Amino acid sequence: MSDAVLPDSIRVLERGWLSSNNVLLFDGAEAAVIDSGYVSHGDQTVALVRELLGGRRLTRLINTHSHSDHIGGNATLQRTFGCSITVPAGMIPTVAAWDEDALLLSTAAQAGERFHADHGLHAGGSIEMGELVWQAMAAPGHDMDALVFHNPDRRILISGDALWRDGFGILFAEVLGTGDGIGAARRTLEAIARLPVDVVIPGHGAPFVEVDDALARAFGRLRAFEEDGSRMARNAIRACVTFSLLDVRSIALDGLAEHLHSVPLYREANARFLGLSPEALADWLVADLIRAGVARRSGNRLLAV
């Protein structure tokens, strides 16, 4: 594995999985940040960003897409630093109306704080950050309005959740039956594969240089989901429940089946691809999370590890 070398004008705060990475880009005495983490990490995000700013002014916040782990700190950062917020143009109506279904907040039992978006960025446009000019490219699949940012001179891609070292984000539209998530993700990966890229800064995980390997794994994962929808549905349920568990730290087991049936994402994923009773779904999920080492059982509660 090779280390990714980035310009001095770019710093990456690697946050793990409850909060997305924060990418800081410096332009003299000013700075921009890409994505803001989850709402419950707001104070932590402010502290981490302030430390990296080193006296610079945070003037802009830019989002790659609309999911809670990327926009959750928007309001807090805007209140604290007075920065403007730029979102993908397709997000503007959803954010303005604060449509919690479309933002997948109520749909996936997640939280967020309402914020005001000052600008919308269209695919094909450009934006200057970190002493570089970045091209905004449409990246539907995980989020149908998502953008990634590419600088061809330094051959850097800020990929959000469109491409990770080991895959990509949940294909919510496909799982929920609201769009062609698989086809959109394939087109996004094909478009990324055509770009000159030496370094990828993902939404989760460390920056990486093994771009061809990452793309090969992503295409393989996409094929597996296309061949077996139940695998995709189980991945979505597992990932989102793990996300919630990381936030709340424990879940009552006697209410888990009812919870899985009441949350639209879990209910639809099960109905469309698995066909299990809520109780059977809960039993599978608990066993799977414990086997994966991300949770343990203590009495009548499931605890985050």
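Data table
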| read-out | value |
| --- | --- |
| Alpha carbon centroid spacing (whole Å) that separates region 7-64 from region 139-193 | 22 Å |
| Sum of side-chain charges, Ser40 neighbourhood, beta-carbon under 13 Å (Lys, Arg +1; Asp, Glu -1) | -2 |
| Karplus (6.51, -1.76, 1.60) ³J(HN,Hα), θ = phi - 60°, over region 171-187, in Hz, Gly and Pro reported as x | 8, 4, 4, 5, 5, 7, x, 9, x, 8, x, 5, x, 5, 5, 4, 5 |
| About the Cα centre, charge dipole magnitude for the chain (Lys/Arg +1, Asp/Glu -1 at Cβ), debye | 440 debye |
| Pairwise Cα inverse-distance average, inverted: Kirkwood Rh of the chain (Å) | 19.7 Å |
| Amide H contacts under 5 Å for Arg57, placed H, 5+ residues apart | Glu30, Ala31 |
| Rounded, prolate or oblate (a/c below 1.5 giving rounded, otherwise prolate when a/b exceeds b/c) for region 45-99 by Cα gyration tensor | prolate |
| Of all DSSP beta bridges in the chain, antiparallel share, percent nearest 5 | 65 percent |
| Kirkwood Rh and Cα Rg combined as Rg over Rh, evaluated for region 1-143 | 0.95 |
| The chain: most fluctuating residue of Gly205, Gly275, Gly55 per GNM, C-alpha cutoff 10 Å | Gly55 |
| Computed helical MRE - 222 nm, the chain, DSSP H runs ≥ 4 contributing -39500 (n - 2.57), nearest 500 | -11000 deg cm²/dmol |
| Farthest toward positive dipole pole in the chain [+1 Lys/Arg, -1 Asp/Glu at C-beta], among Ala109, Val211, Ile170 | Ala109 |
| Dipole moment magnitude, nearest 20 debye, region 86-218 about Cα centre, only Lys, Arg, Asp, Glu C-beta charged | 240 debye |
| FRET E, pair Asp254, Asp99, Förster distance 41 Å, beta-carbon r, rounded to 0.05 | 0.80 |
| Shape parameters for region 229-304, alpha-carbon atoms, Rg then Dmax in Å | 11.3, 33 |
| J(HN,Hα) series, region 59-73, from Karplus relation 6.51 cos²θ - 1.76 cosθ + 1.60, nearest Hz, glycine and proline x | 9, 9, 10, 10, 9, 7, 6, 9, 7, 4, 7, 10, 10, x, x |
| Among Gly293, Leu246, Ser277 the positive-end extreme of the charge dipole of region 229-304 (Cβ point charges) | Gly293 |
| Net charge over other residues, Cβ less than 14 angstrom from the Cβ of Gly90 (K, R count +1; D, E count -1) | -3 |
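No value in this document is a laboratory result; all are computed from the given coordinates. Predicted model, so just to flag it, every value in this text is computed and none were measured. Because the Cβ atoms are built from the backbone with ideal geometry, glycine has one as well, and the counts that use them run over all protein chains shown.
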